[in-house]
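In what follows, a single structure is set out as structure tokens and then discussed.
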Amino acid sequence: MSLIPVAPEQARQLMADGARLIDIREADEHARAYIAGAESVPLSGLGVIHAGKAPVIYHCRSGVRTMANAARLSAATDGPAYVLEGGIDAWRKAGLPVVVDQRQPLELMRQVQLAAGGLVLSGTGLGFLVTPAFFGISAFVGAGLMVAGATGWCGMARLLNSMPWNRRVSAA
């Protein structure tokens, strides 16, 4: 069984008829913006989704992550399974409501991208303006990104995750 693509309006109708919407993004992504009624079941912790005869609709941010894991998601579902074409981005573009909590921190991967980019730019600028030794900062960050890509372990993400601004704001 494979995932059946559905447009946002079709997904909304399926939800109105009892389908479960499963957000496979990580918890920090879901906390910042989500479709009302979506259940957060991160792909990293996915188990079996017991929905009975009710259909399950999976979504991520853009649909790429969901389609890349379609076989795994389909196998985790004991009933009909769909994928929201274009993810939450397409849902927004269709003018459908999204719950946004600006009090939540930026997604961790966006923080890593900002920090890595800032360090590389700083190292390069300082290397040209002050002393070539500062090029080492850019090299260090590049090496760290290579290790993260090869192993799945990112020291910068771990460090940023422990920062005080990354403590989740509880719903009031």
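The values are calculated or read from the model by the stated rules, or taken from the named source; none is laboratory data. Predicted model only: the values in this text are computed from it and were never measured. Every residue, glycine as well, gets a Cβ built from its backbone with ideal geometry; the counts of neighbours run over all protein chains shown.
Would you mention how many residues in segment 34-68 are under 16 Å from the mean Cα position of the chain (by Cα), outside any helix (DSSP H, G or I) and surrounded by fewer than 19 Cβ atoms within 10 Å (Cβ to Cβ)? Spell out how you get there, then give the answer.
Kept after step one, since they are under 16 Å from the mean Cα position of the chain (by Cα), are these residues of segment 34-68: 34-35, 38-46, 58-68.
Retained after the next criterion (residues that are outside any helix (DSSP H, G or I)): 34-35, 38-42, 46, 58-63.
Add one more test, that the residue is surrounded by fewer than 19 Cβ atoms within 10 Å (Cβ to Cβ), and what stays is 39-40, 42, 46, 61-62.
The number of residues fulfilling the criteria is 6.
For segment 74-110, which residues satisfy the criterion of being in a helix (DSSP H, G or I), at pLDDT below 95 and either in the same structural domain as Arg158 (by TED's automatic domain parsing) or out of contact with any Ser or Thr (no Cβ under 7 Å at 6 or more places or on another chain) (or both)?
Ala75, Leu108, Met109, Arg110
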Next item on the list: Could you pull out the residue among Leu96, Leu121, Leu126 that is of a type in the set (A, V, I, L, M) and in contact with a Pro (Cβ under 6 Å, 6 or more places away or on another chain)?
Entry: Leu96
Next item on the list: State which residue pairs qualify: first residue not assigned by TED's automatic domain parsing to the domain that holds Ala116 and inside segment 132-154, second residue acidic (Asp, Glu) and loosely packed, with under 14 Cβ neighbours inside 10 Å in any location, beta carbons under 8 Å apart, and separation of 6 or more residues or different chains.
Entry: none
Next item on the list: Considering (1) modelled with pLDDT under 90; (2) more than 17 Å from the chain's Cα centre (by Cα), say which one Arg168 fails and leave the rest.
Entry: (2)
Notebook entry, point to check: Is it true that Phe140 is over 20 Å from the mean Cα position of the chain (by Cα), assigned to a helix (DSSP H, G or I) and over 27 Å from Pro105 (Cβ atoms)?
Noted result: no
Checklist line | Among residues of segment 1-21, those that are buried (at least 19 other Cβ atoms within 10 Å of the Cβ) and either free of Cβ contacts under 8 Å to residues at least 40 places away in the same chain or among the small types (Gly, Ala, Ser) (or both), counted | finding: 3
